[in-house]
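Have a look at the structure below before the remarks.
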Amino acid sequence: MAPASPTLRVAIDTGGTFTDCVWIEGGRVRMLKVFSTPADPSRAIACAIAKTGLPRAKLLLLHGTTVGTNTLLERKGARVALVTTEGFEDAIEIGRQARPRLYDFFFDRVEPLVPAELRFGVRERTDSEGRVLVRPDPAALKELVREVARRRPQALAVSLLFSFANPENERAVAAALRRLRLPISISHILLPEFREYERASTVVVNAYLQPILERYLGNLERRIRKGAGARRSAGSARIFVMQSSGGITSLASAAREPVRTLLSGPAGGVLGAAALARSSGFDRIISFDMGGTSTDVALVEGEPAASNEAEVAGLPVRVPMLDIHTVGAGGGSVARFDAAGALRVGPESAGAEPGPICYGRGLEPTVTDANLLLGRLRPERFLGGSFKLHTARTRRTVEKWLRRNRSRLPLEQFAAGVVRVVNAGMEKAVRVVSIERGYDPRDFTLVAFGGAGAMHACELARALGIPRVLVPAMPGALSALGILRSNGVKDYSRTVFWTVSGKLPQKRLEAEFAELERAAGLDFVRERWPGSIAFQRSADLRYRGQGYELNVPLTPRLLGDFHAQHRRRYGYSHPEREVEIVTVRLHASIPSPAAAALRMPPDRISANPPARASALERAPVWFEGKLRSAAICERSQLDPRRRYAGPAVIAEYSATTVVPPGMRFHVDQSGNLLIRCR
């Protein structure tokens, strides 16, 4: 089952500003950052691979991508035709009739991805028990194919009523549509679950992304195998893609089911944050990933939890995703004054092209520029000194920008305002995943990573009362490190609707899970995965008559666990009532051989070997409107046996950590930087 080659695992995380590359070589975790190429992200990846000098013939590339997310957010996907049961063509637009703001009669609804002229109904019917009542007429299917072809779609989505109970009619419709030779997403394959609106929405999103991801991943595969430009190689590198659930899948599977990659990059960061925080003895964390374009936050208790219900860009998506909340705030977020003269930051980003002013090309002030003007970002220490930031250009350009906007704010006061505004947006995001869900952030550790996370984390922690901040090793590439140690994962589900009264239907459960496990085994073998498969069984349960379910791990105590979980979630339970097993779920995984990368000695998880501890320099840095003398050092200079006090600016290859006055910090036994905020 194990492939003869490749043997070198390399993880790539493509961000808005930088593309991060992480691999293990000579027993040490290595890291490389290159500027992203938004027009074609595969160019930056090929460039990074070329710079590593690794032989392509032995390469196993694990890739976290934002292509699917950006395509959906920017509405730049394929032209999709939706085929559904006659009479249900407009269900995707009607939705759930849930008003996002109860008393706002003028809100803008999220438009469906499929316009009315591309929705087609088929005269067919399967009932809720799976009995076929009306079969599609072959002549009508031929006419349907001709009509769909006339509308010139780029991808197809098929979602018929109750196809999860019996897919016979859906198979017939899909077989007819395959004559068009277009990418096709079929609901009983992608999501054999009930709730017609959510299922259709998920299938449509998949179809909307499919041509774009197929093209992108195909380009990436060709670039990696042949090398950039004129360089060519006979290498046979294999590519795997990170999923939103926190596991990797094959390139072919990701191209076929791109809806599973919507939170591809951020998922790796949550996994890496949880693993490195555990090594320092912290199981309850709030991960804070601030990159160039966005900030992703997640609350983790023990292992990162995946949800089977999510909303992306206002559209329901029912595939397993880690519970991550994203806001448009990053190092590249652009500052502006609104019509009333108030300072705003983001969600627009300078990205990698043109980038912040201090990178040499940008013309609008960003969060990164503000940190440079406040002295928190050291121009000579950026990217380990390999790229010097343009301080004089930044001051000149921002002053001109302020004059154009008729602002009399002093430069440093404006920069401090930018930082305060972006912090307020990120503070709100942390509140969403903690306080608004009944958690007290004071009981958690804030794990800061991403290129800009550690510059803002301490001020966020102070505002929220969080007692400590942990900055892991390689913070600017932690998402790639998390991807590197991710398991191979596949998720399966099927809606069953069984009523249970006192005793579990063990034989029926075993039969359903045995079928799902056989499918998982075949899929892993087809994709040549090495290792043995671990299965996690669970089921969605509810009291008969309820509208929504709770997911509960499958054990002999399933019903008792459901009653207890219902009581924890809602404050009550009814053990005497009938229970419905609505959907059975299987999580199949193969452990990653690189999981040990996060258990290496701390000096081996770094971009460079540690330097000898030495006296710290000092320089003026702005804090709370005052210029303070702060310690300036490389992270590798910190002596693990010593305790230090802020203010301090701690630079390293992938990120910069800012410690405000009054806080203390040290490097712990795992090589993580631990900052006490109170």
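Brief remarks follow.
- For the range 345-370, the set of residues classified as more than 9 Å from THR17 (Cβ to Cβ) and either part of a loop (DSSP other than H, G, I, E, B) or acidic (Asp, Glu) (or both) consists of GLU348, GLU353, PRO354, GLY360, ARG361, GLY362, LEU363, GLU364, PRO365, ASP369, listed by residue number.
- Flag if ALA651 is out of contact with any helix residue (DSSP H, G or I) (no Cβ under 9 Å at 6 or more places or on another chain) and of a type outside the set (Ser, Thr, Tyr): no
Conditions tested, residue by residue: (1) touching a residue at least 24 places away in the same chain (Cβ under 8 Å); (2) outside the structural domain of GLU380 (by TED's automatic domain parsing); (3) surrounded by fewer than 20 Cβ atoms within 10 Å (Cβ to Cβ).
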position	(1), (2), (3)
SER629	no, yes, yes
CYS633	no, yes, no
PRO640	yes, yes, yes
ALA655	yes, yes, no
GLN669	yes, yes, yes
LEU673	yes, yes, no
ARG676	yes, yes, yes
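- In the range 327-344, the qualifying residues are those that are assigned to a strand (DSSP E or B) and of a type in the set (D, E, K, R), and the one that is surrounded by the most Cβ atoms within 10 Å (Cβ to Cβ) is ARG344.
- Flag if THR84 is buried (at least 18 other Cβ atoms within 10 Å of the Cβ), free of Cβ contacts under 8 Å to residues at least 60 places away in the same chain and not in a helix (DSSP H, G or I): no
- Reported count of residues in the range 393-420, each being farther than 23 Å from PRO379 by Cα and touching a residue at least 60 places away in the same chain (Cβ under 8 Å), is 2.
- Checking each residue in the range 279-305 for being aromatic (Phe, Trp, Tyr) and over 14 Å from the mean Cα position of the chain (by Cα) picks out only PHE282.
- Selected residue (only one of LEU558, LEU516, LEU586 is among the aliphatic types (A, V, I, L, M) and farther than 30 Å from PRO258 by Cβ): LEU558
- Yes/no for GLY268 being assigned to a loop (DSSP other than H, G, I, E, B), under 18 Å from the mean Cα position of the chain (by Cα) and either over 24 Å from THR445 (Cβ atoms) or of a type in the set (Gly, Ala, Ser) (or both): no
- The one condition in (1) crowded, with 24+ Cβ neighbours inside 10 Å; (2) in a helix (DSSP H, G or I) that VAL297 fails to fulfil: (2)
- Of everything in the range 555-586 that is basic (Lys, Arg) and touching a Phe, Trp or Tyr at 6+ places or on another chain (Cβ under 8 Å), the residue that is surrounded by the fewest Cβ atoms within 10 Å (Cβ to Cβ) is ARG577.
- Criterion violated by SER187 - all others in (1) crowded, with 22+ Cβ neighbours inside 10 Å; (2) among the hydroxyl-bearing types (Ser, Thr, Tyr); (3) free of Cβ contacts under 8 Å to residues at least 12 places away in the same chain satisfied: (3)
- Out of GLY476, GLY465, one residue alone is under 30 Å from CYS677 (Cα atoms), exposed (fewer than 15 other Cβ atoms within 10 Å of the Cβ) and either among the aliphatic types (A, V, I, L, M) or not assigned by TED's automatic domain parsing to the domain that holds LEU554 (or both). It is GLY465.
- Single match in SER333, SER253, SER280, SER294 (criterion: in contact with an Asp or Glu (Cβ under 9 Å, 6 or more places away or on another chain) and either among the hydrophobic types (A, V, I, L, M, F, W, C) or closer than 20 Å to ALA429 by Cα (or both)): SER333
- When every residue of the range 221-230 is checked against the conditions, none turns out to be closer than 22 Å to ARG75 by Cβ and touching a residue at least 12 places away in the same chain (Cβ under 8 Å).
- The listed residues are ILE483, ILE533, and the only one of them that is buried (at least 21 other Cβ atoms within 10 Å of the Cβ) and either in contact (Cβ under 8 Å) with a residue 12 or more places away in the chain or of a type in the set (Asp, Glu) (or both) turns out to be ILE483.
- Qualifying residue in the range 230-241 (condition: crowded, with 20+ Cβ neighbours inside 10 Å and at pLDDT 90 or above): yes
- Checking ALA424 against (1) part of a loop (DSSP other than H, G, I, E, B); (2) free of Cβ contacts under 8 Å to residues at least 40 places away in the same chain, the condition it does not meet: (1)
- Members of the range 87-112 that are free of Cβ contacts under 8 Å to residues at least 40 places away in the same chain and small (Gly, Ala, Ser): GLY87, ALA98
- Condition check for ARG131: surrounded by 12 or more Cβ atoms within 10 Å (Cβ to Cβ) and of a type outside the set (A, V, I, L, M): no
- Among all residues of the range 165-182, there is none that is of a type outside the set (A, V, I, L, M) and in contact (Cβ under 8 Å) with a residue 60 or more places away in the chain.
The values are calculated or read from the model by the stated rules, or taken from the named source; none is laboratory data. Worth saying up front: this structure is predicted, and the values here are computed from it rather than measured. Ideal geometry is used to build each Cβ from the backbone, glycine not excepted, and the neighbour counts take in all protein chains shown.
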